[in-house]
Amino acid sequence: MNANVKVLVIGATGMAGRVVVTQLDQAAVPVRALVRDVPKARRLFPASVELRQGDAFDEATLQKALEGVSHVYFHPAATLSRSEARSMDRVGTRLLVKHLPATAHLIKLSEIGAGPNPSFHDIDCKYRSELDIRERLTSWTILRPTWFMESIPFLLTMGPVSVCFGGQPGPIWWLSCQDYALTVLACVQKPAVSQNRVFTLQGPEAYPMLDALRLFNREARTGKGSLRLPLGLLTLPARWSEQFRFNQQIMHYYNGRRETFESEPAHRLLHQPALTLAAFARRFHPPARGGTL
Ligand SMILES: NC(=O)c1ccc[n+]([C@@H]2O[C@H](COP(=O)([O-])OP(=O)(O)OC[C@H]3O[C@@H](n4cnc5c(N)ncnc54)[C@H](OP(=O)(O)O)[C@@H]3O)[C@@H](O)[C@H]2O)c1
């Protein structure tokens with residue numbers, strides 16, 4: 001790997017971003033993280049990770065953080081709002097496109113199936129951000145992962161139950177953040193194969209959503225049930241809660257989607273995911289219940 005490599009990570013402290021930072025750091029890739037909360041980031045990362053206080057929306061801190069980096073890994077938060085002004089994905093991408101040094105390579109998190117979509121703001125934003133990058137940058141890689149396994153206990157679990165809204169009959173090739181992070185690392189280490197390409201990223205096995213929730217709860221011994229509920233139940237809370245509106249949109253979108261396996265190029269050229277959902281769940285087992293976190 002080129003000795004001048006230095007990766008700026010934006011979105012470093014989140015669910016998947018922190019795994020990316022850790023994986024790059026463990027591979028001895030120099031990492032700088034642009035973070036809003038330095039003490040929080042310092043608790044997460046060793047001293048070898050350079051921290052810069054800033055905000056993806058603040059051009060001054062962004063420009064400072066971009067100085068001297070060879071790569072930027074951009075991991076925008078999920079977009080809850082239709083308001084363009086609040087979209088980290090859209091605004092953050094525009095600012096990066098504007099300020100990225102000519103020699104730097106942008107690796108951008110997108111999402112499987114990103115495309116024009118007037119009824120699901122999040123996936124539409126991702127598509128438009130992809131277009132900005134492809135039309136205006138000279139060196140980039142776009143990663144479109146499917147559902148992260150880590151979403152099961154966080155996004156798909158409410159109190160004592162894991163909930164699947166709608167039929168959600170399509171298979172999902174659940175991907176661990178660890179395998180995702182190893183793919184980001186491969187993009188940095190293998191510029192010849194990753195440059196100016198869009199990769200769909202999926203894990204080693206496919207399960208429909210409800211089967212995945214059941215498997216996770218069984219193997220992680222969470223003691224939680226797994227339920228399928230009608231999508232219509234989200235209609236009322238979605239009227240007054242942005243979070244429920246997002247849940248309704250994402251569940252509606254995935255309910256109508258049939259994921260096909262599209263990751264052969266990523267597996268062959270970048271990284272072959274190995275962590276199965278069952279193995280992930282067993283690792284996730286809470287220590288208080290005798291597990292091996
Ligand atoms: N969940 C899935 O299964 C899945 C699958 C495919 C794609 N995705 C995509 O993954 C993304 C969400 O990933 P995640 O759940 O890992 O994210 P997350 O946990 O919500 O983390 C978001 C990160 O962005 C940072 N952040 C937010 N606003 C910022 C700002 N203005 N300036 C700088 N940093 C800011 C947060 O920092 P703080 O710590 O300061 O809040 C945090 O580090 C979405 O784009 C989603 O579409 C998710």
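Every number in this text was worked out from the coordinates using simple rules, so none of it is lab data. Just so it is clear, the structure is predicted and the values come from calculations on it, not from any experiment. Counting neighbours? That spans all protein chains shown, and the Cβs are built from the backbone with ideal geometry, glycine included.
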Comparing Leu96, Leu210, Leu131, which has the greatest mean-square fluctuation in the GNM of the chain with Cα pairs linked when under 10 Å apart? Leu131
Spelling it out for Ser139: with amide H atoms placed in the peptide plane at 1.01 Å from N, the residues 5 or more places away or on another chain with amide H under 5 Å from its amide H are Leu106
By Cβ neighbour count within 10 Å, fewest first, Ser241, Ser119, Ser110 rank Ser119, Ser241, Ser110
In order through region 62-78: 3J(HN,Hα) via Karplus (6.51 cos²θ - 1.76 cosθ + 1.60), integer Hz, x for Gly, Pro: 5, 4, 4, 5, 7, 5, x, 8, 9, 9, 10, 9, 10, 10, x, 5, 4
Sticking with the crude label model, points 7 Å out along Cα→Cβ, report the distance from Gln272 to Arg136 in nm, one decimal please. 4.0
Please order Tyr180, Tyr254, Tyr73 by the number of other Cβ within 10 Å, starting at the fewest. Tyr254, Tyr180, Tyr73
Give, in nm to one decimal, the length gained when the segment between Val38 and Thr260 is fully stretched (0.36 nm per residue of separation minus the Cα-Cα distance). 75.9 nm
Residue of Ala278, Ala12, Ala41 that the Gaussian network model of the chain assigns the largest fluctuation, springs spanning Cα pairs under 10 Å: Ala278
Pairs Lys98/Lys126; Lys6/Lys108; Lys40/Lys98: which are spaced more than 21 Å apart, C-alpha to C-alpha? Lys40/Lys98
What length, rounded to one decimal in nm, is gained on full extension from Glu205 through to Glu67, with 0.36 nm per residue of separation minus their alpha-carbon distance? 45.6 nm
Return the long-range amide H neighbours of Ile172 (sequence gap of 5 or more, or a different chain), with a cut-off of under 5 Å between placed amide H atoms. Tyr207
Label zone at Met15 (point 7 Å along Cα-to-Cβ), backbone N below 18 Å, region 222-266: 222, 224-227, 242-255
Let me check the size of the chain from its C-alpha atoms; what are the radius of gyration and Dmax in Å? 18.8, 55
Tell me the GluC sites (Glu not before Pro) within region 204-275 that lie in a loop according to DSSP and have at most 16 other beta-carbon atoms within 10 Å. Glu205, Glu262
Distance in nm between Ala77 and Arg228 label points, each 7 Å along Cα→Cβ, equals 3.4
Sequence-distant aspartates and glutamates (8 or more away, or on other chains) whose Cα lies within less than 20 Å of Lys224: Glu150, Asp211
Virtual spin-label span in nm between Asp58 and Arg214, 7 Å along Cα→Cβ: 4.9
Fully extended contour minus Cα-Cα distance, from Ala102 to Glu50, at 0.36 nm per residue: 16.5 nm
Using the count of nearby Cβ atoms within 10 Å as a rough guide to exposure, how do Asp89, Asp55, Asp25 rank from fewest to most? Asp55, Asp25, Asp89
In region 145-293, taking the dipole from +1 charges on Lys and Arg beta carbons and -1 charges on Asp and Glu beta carbons about the Cα centre, the listed residue (Pro153, Cys177, Phe246) farthest towards the positive end is Pro153
Residue by residue, what Karplus-based ³J(HN,Hα) values in Hz, rounded to whole numbers, does region 26-33 have, using 6.51, -1.76 and 1.60 with θ = phi - 60° and x for Gly and Pro? 5, 8, 6, 8, x, 10, 10, 10
Calculated from DSSP helices alone, with each H run of at least 4 adding -39500 (n - 2.57) and the total divided by the residues of the chain, [θ]222 nm to the nearest 500 comes to -11500 deg cm²/dmol
Tell me, what HN-Hα J-couplings in whole Hz come from the Karplus equation 6.51 cos²θ - 1.76 cosθ + 1.60 at θ = phi - 60° for each residue of region 185-198, using x for Gly and Pro? 4, 5, 4, 6, 7, 10, x, 5, 9, 9, 5, 6, 10, 9
In Å³ and rounded to a whole number, note down the convex hull volume per residue for the Cα atoms of region 43-152. 129
Taking only the alpha-carbon atoms of region 206-278, the convex hull volume per residue, in cubic angstrom, is 127
